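Novice: Below are the structure tokens for one structure; questions will follow.
Bear in mind that the values in this text are calculations on the coordinates, not laboratory data. Source: prediction; values computed, not measured. When we count neighbours, we look across all protein chains shown, and the Cβ atoms used for this are built from the backbone with ideal geometry, even at glycine.
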Amino acid sequence: MEEICFDVKNVNLFYGEKQALKNINMQLLKHKVTAFIGPSGCGKSTFIRCLNRMNDLIEGCKVEGEIFKDGQDIYSAKQDIVDLRTHVGMVFQKPNPFPMSIYDNIAYGPRCQGLKDKKKLDEIVITSLKQVALYDEVADRLHESAMGLSGGQQQRLCIARCIAMSPEVILMDEPTSALDPISTAKIEDLVLELKKEYTIIIVTHNMQQAARISDYTAFFLMGEVIEMDITDKIFASPGDKRTENYITGRFG
Amino acid sequence: MLVNKKRVKRNKSLDKFFHGFFMAMALLSASFIVIIVLFVFAKGISPFLPGYEYGQVNIISFLTGSLYRQDQGIYGIGFIVINTLVCSFLALLLSFPISVLTALFIAKIAPKKLGAIMQSVVELLASVPSVVYGVFAAGVIAALIKDLASSLGITTFGGSSMLAVIILLAIMIFPTLTSMATTAIKAVDKDLEQASLALGATRTQTNFKIVLAAAKSGIFAGAILGLGRAFGEATAVAMVAGNKLFGPTFDLFDITRTLTSTMLAGLKETSGLDYDIRFSVGLVLIAVIFVSNWVLNYVKKKVGNN
Amino acid sequence: MKREIKDKLLEGITYIASALSVLVLGAILFYLLTNGLHLIDWHLLSSNYYSSTANASVINDYEYVPMSDYSGEGIYSAKWGIAVEDITTSHNEDEISVVYVDPNSPFNHMESTVAGEEGKASSLSEGSLIKNIYYINENGETKFLSRVQMGDAAKLIGILDDQATGIVSCNFQSLGGGIRGSIITTLYLIAVSLLISLPIGIASAVYLHEYAAKSRINALIRQGIDTLTGVPSIVYGLMGVTVLFPITQLVGATSTSILLGGLTLAIILLPTIISSTEEALIVVPQSLRDGSLSLGATKSQTIFKVVLPCAINGILTGVLLGIGRVIGESAALVYTTSTVINDYPNLLSQGTSLSLMIWTIMSGEQPNFELASAISLIILAIVFVINIIVKIIGKRLARSFV
């Protein structure tokens with residue numbers, strides 16, 4: 001029996017007058033990698049930002065419907081947004097390390113939660129860095145600025161920063177779109193490694209990537225979910241003509 | 001899970017506190033303008049109200065009077081308002097063409113390096129404090145005017161004169177006018193210029209006919225800002241105005257008196273009505289700036305629409 | 001080609017217009033340098049404005065050592081190691097002024113006998129005016145030499161060289177004309193105004209840029225702050241004495257004071273601090289805020305830990321511009337700190353900043369152009385340096401998040 005992480009029911013999202021998401025329904029499973037694919041502007045990034053309520057930051061953005069996590073609607077008034085985000089981490093399109101040292105970047109989240117114990121922080125920083133296979137590369141310069149790392153290293157640092165909070169879910173919004181192929185391969189390996197412990201939801205522009213790393217795939221078009229199924233099935237025998245057209249490269 | 005429930009609660013209330021704090025500070029910052037106007041108004045209006053402790057002053061004769069004798073307790077500032085307006089507008093008239101031409105030079109005509117140097121010169125002039133301009137005006141401008149006047153057979157009060165005030169103000173508002181005009185000219189759409197060039201106009205013709213016309217709204221905004229500065233300029237003006245007791249002054253070589261120089265004159269050893277009346281003068285100064293801003297912005301809109 | 005000539009002519013006019021402003025800047029600098037530069041020295045920066053009379057006696061364990069050679073200006077006493085000259089003061093009095101004191105001279109090894117500071121090291125220095133001297137003659141008697149008996153510089157040196165076998169004590173007047181008190185006042189004003197203005201200004205900028213949604217109230221707040229920029233500084237002065245004076249009374253001020261001036265300046269600085277902070281906030285990429293929030297940081301944690309540290313250059317610019325403004329401000333201070341030059345200022349006393357000191361010495365009966373020019377030069381040097389640093393920071397800011 002698979003456990004459900006997010007249960008999304010009838011979600012509609014508006015930017016002012018414009019509707020960006022139409023009637024989204026889906027279930028996202030724990031300890032699986034789910035990929036969202038679709039052409040630019042199809043709403044996949046908008047949707048992933050609903051899952052940790054990052055859309056709240058955009059002025060004039062309105063969300064209707066319900067998203068249940070552990071039985072509670074994360075859009076209900078009872079939900080603490082900050083608390084939600086400690087459970088649902090996020091990695092962004094462009095690496096966005098803070099202009100501080102590598103160590104401080106990773107210790108940032110725990111410190112915000114009030115953790116001051118130096119020993120514990122050291123431990124968290126080192127395990128997080130080891131988990132993303134960055135530790136060996138930066139062990140001797142933990143206290144140097146994170147801005148000096150390469151793009152791929154920066155993105156792995158951002159993932160380490162995210163797992164330092166030991167979240168349940170990691171949202172990844174096109175995490176490799178700004179990276180070279182070698183860095184991309186490293187991140188993909190990392191995702192496969194991480195899914196043992198975390199639920200991963202990844203938005204990607206790259207269908208091969210979705211095919212390589214995800215268990216489930218959802219295809220978005222014009223703000224709607226056209227189809228969602230086991231990845232192998234989506235790529236082998238899509239149920240919808242539009243999905244097939246997209247996958248075979250007729251548009252997008 | 002790293003979440004510490006107690007800590008989360010504290011963070012949340014801290015977050016709320018800071019939201020309130022930031023907002024309160026912003027409100028405080030914004031409220032100062034109201035406080036300034038209210039308090040200057042309250043204190044400035046008091047000498048004209050019945051029951052004023054040093055003897056009520058007639059507001060009509062205050063506003064229309066043409067004699068200001070602190071020593072005799074006669075306070076008429078009608079002529080001072082006229083002096084202030086005349087000096088400021090003449091300064092603007094003098095400064096405006098020079099600053100627009102300089103702005104055009106910096107933005108379009110000068111070779112790149114020279115333009116950057118000129119921009120720095122303008123910035124340096126902008127950063128010179130007003131008392132320093134005052135020293136320069138008293139030491140150089142007034143001396144030159146004195147020599148000029150005596151060569152024309154006119155005696156001056158050591159060079160302190162309306163002309164000195166005008167030249168001083170023209171210099172002081174020049175950086176404001178120029179930097180606003182430079183910004184406006186640099187913002188002119190490149191396509192517009194190219195359209196003019198494509199029609200066979202020369203660069204210079206384009207600069208003078210198209211660019212200046214397109215930038216006029218920004219240039220005008222600079223002029224309004226500069227005029228406001230001219231009205232309010234105090235210490236430097238007071239060093240060369242001479243503080244005439246009656247007026248208005250229309251003779252360039254005669255001494256004059258502006259609202260600000262009146263507010264500063266003999267402040268050191270004064271109290272009572274003579275002190276309070278300065279708030280009334282300050283109130284009139286605020287009114288002059290407000291009204292002129294309003295009128296000029298109205299004119300600007302009209303001009304801009306054509 | 002008529003058109004070409006016309007074009008050249010128009011271009012020429014813009015060159016002339018630009019040359020005018022260079023000419024004005026040059027004239028200002030030239031005037032100030034020729035009138036004020038010679039006054040700028042350590043004495044100007046370190047001494048009091050008001051001259052004071054001092055009494056000092058040669059210390060007991062002074063041992064006479066032969067003086068070194070001196071070939072400068074004035075009349076030199078090789079015996080006592082002191083050179084003096086005749087001068088006429090600005091009050092039209094003939095005085096004997098010291099131009100050189102040898103390190104070994106007894107006049108360089110004295111202690112004060114003025115009540116209240118007995119025993120404090122004292123010495124004649126360049127510019128001191130000698131009023132009277134007690135010396136020991138050949139018979140070992142202590143003799144008094146009054147100002148009238150000295151006559152002029154030549155006669156004084158003659159008496160000392162021919163008759164004195166020892167120096168006992170000396171009464172002299174310090175030169176004065178220094179700006180130490182005004183420098184201290186200026187520093188006080190900078191400290192007070194920034195201390196108040198920085199937190200309010202930064203918090204306001206944070207609210208306007210990070211919190212404020214588009215609403216009527218927020219538009220009004222912005223309008224209010226923008227309008228402050230156009231208020232003439234003399235009007236701030238009026239506001240200071242009415243609104244802020246009662247606040248300074250709470251901490252014990254009885255008259256206008258440096259504290260009052262600082263508070264008034266704090267309000268004058270607000271628009272500057274707010275706009276430079278906000279400009280820096282605009283440059284901080286949204287992705288950093290998103291990153292922080294996605295890690296479960298609260299909004300205020302994000303602001304203090306990520307956003308403001310990134311905006312530090314802009315805040316620094318605000319601070320520098322603020323310092324420049326405080327140094328240059330005069331009209332607002334005329335009303336709030338008074339125009340009395342104070343050699344020993346404290347927060348609750350009156351005093352003049354450097355700019356205000358210029359106003360004071362220029363608006364008196366006898367304007368002192370030379371001192372005013374010297375102070376102007378000092379102010380300009382500081383302000384120009386600030387300008388350059390701000391420009392450098394601005395360039396760095398533009399590159400910082402590319």
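Novice: Helix by helix through chain C, keep the DSSP H runs that span 30 Å or more along the axis on Cα and average at least 0.0 on Kyte-Doolittle, and give those back in order.
Specialist: Length and hydropathy pass: C:2-36, C:180-206, C:258-283, C:369-399.
Novice: By per-residue mean of other Cβ atoms within 10 Å, what is the highest-first order of C:372-378, C:228-234?
Specialist: Descending packing order for the listed peptides: C:372-378, C:228-234.
Novice: Run through the range C:187-262 and list the trypsin sites (Lys or Arg not before Pro) located in a DSSP loop whose Cβ has at most 16 other Cβ atoms within 10 Å.
Specialist: Answer in residue order: C:K214.
Novice: Aspartates and glutamates near A:K119 by alpha-carbon distance under 20 Å, same-chain residues fewer than 8 away left out - which ones?
Specialist: A:D104, A:D136, A:D140, A:E144
Novice: Would you list C:E329, A:E64, C:E210, A:E244 from fewest to most Cβ contacts within 10 Å?
Specialist: The order, fewest Cβ neighbours first, is A:E64, A:E244, C:E210, C:E329.
Novice: Give me the lysines in straight-line cross-link reach of C:K143: C-alpha distance below 19 Å, same-chain residues under 8 apart excluded.
Specialist: C:K79, C:K131, C:K155
Novice: Let me confirm one metric for peptide C:221-233, namely the mean number of other chain beta-carbon atoms within 10 Å of its residues' beta-carbons.
Specialist: 6
Novice: Let me ask something else. Where both residues lie in chain A, what percent of DSSP beta bridges are antiparallel, nearest 5?
Specialist: Beta bridges within chain A, antiparallel portion: roughly 60 percent.
Novice: Here is a follow-up. Please average, across the residues of A:83-93, the number of beta carbons from any other chain that are within 10 Å of each residue's own beta carbon, and give a whole number.
Specialist: Neighbouring Cβ atoms belonging to other protein chains average 4 per residue here.
Novice: Now a separate question. Holding the Cα-Cα limit at 26 Å, pick out from A:K78/B:K5; B:K300/C:K6; B:K244/B:K300; A:K120/A:K196; A:K22/A:K186; A:K32/A:K130 the pairs that are longer than that.
Specialist: Listed pairs above 26 Å: B:K300/C:K6; B:K244/B:K300; A:K22/A:K186.
Novice: A further question on this structure: Could you give the DSSP H helices of chain B that reach 27 angstrom or more along their long axis (alpha carbon positions) and whose average Kyte-Doolittle hydropathy is no lower than 0.0?
Specialist: B:5-45, B:78-104, B:162-186, B:273-305
Novice: Among C:K155, B:K112, which comes first, then next, by fewest other beta-carbon atoms within 10 Å?
Specialist: Lowest count first: B:K112, C:K155.
Novice: If you don't mind, there's one more thing I want to ask. What value, in deg cm²/dmol to 500, does the helix sum -39500 (n - 2.57) over DSSP H runs of n ≥ 4 give at 222 nm once divided by the residues of chain A?
Specialist: -10000 deg cm²/dmol
Novice: Ignoring everything except DSSP H segments at least 4 long, calculate the 222 nm mean residue ellipticity for chain C; use -39,500 (n - 2.57) per segment, divide by total residues, nearest 500.
Specialist: My calculation for chain C gives -17000 deg cm²/dmol from helical runs alone.
Novice: On to the next question. Can you show me the helix-derived [θ] at 222 nm for chain B, built from DSSP H runs with n ≥ 4 at -39,500 (n - 2.57) apiece and divided by the number of residues, rounded to the nearest 500.
Specialist: -22500 deg cm²/dmol
Novice: Let me ask something else about it. Could the peptides C:178-184, C:385-391, B:193-199 be put in order, highest first, of the mean number of other beta-carbon atoms found within 10 Å of their residues?
Specialist: Per-residue Cβ counts within 10 Å, averaged per peptide and sorted highest first, yield C:178-184, C:385-391, B:193-199.
Novice: Here is a further query. As an exercise, identify the trypsin sites (Lys or Arg not before Pro) in the range A:133-224 lying in DSSP coil whose Cβ has no more than 13 other Cβ atoms within 10 Å.
Specialist: A:K196
Novice: Further, regarding this structure: Among the aspartates and glutamates, select those whose C-alpha is under 16 Å from the C-alpha of A:K62, and discard any that sit fewer than 8 residues away in the same chain.
Specialist: In chain and number order, the partners are A:E17, A:D73.
Novice: I would also like to ask the following. Calculate the mean, over all residues of peptide C:325-335, of how many other protein chain Cβ atoms lie within 10 angstrom of the residue's Cβ.
Specialist: Average neighbour count from other chains, rounded to a whole number: 5.
Novice: When C:S355, A:S40 are ordered from fewest to most other Cβ atoms inside 10 Å of their Cβ, what list results?
Specialist: Result, fewest neighbours first: A:S40, C:S355.
Novice: Looking at the protein assembly as shown, what % of its DSSP beta bridges pair antiparallel, to the nearest 5?
Specialist: 75
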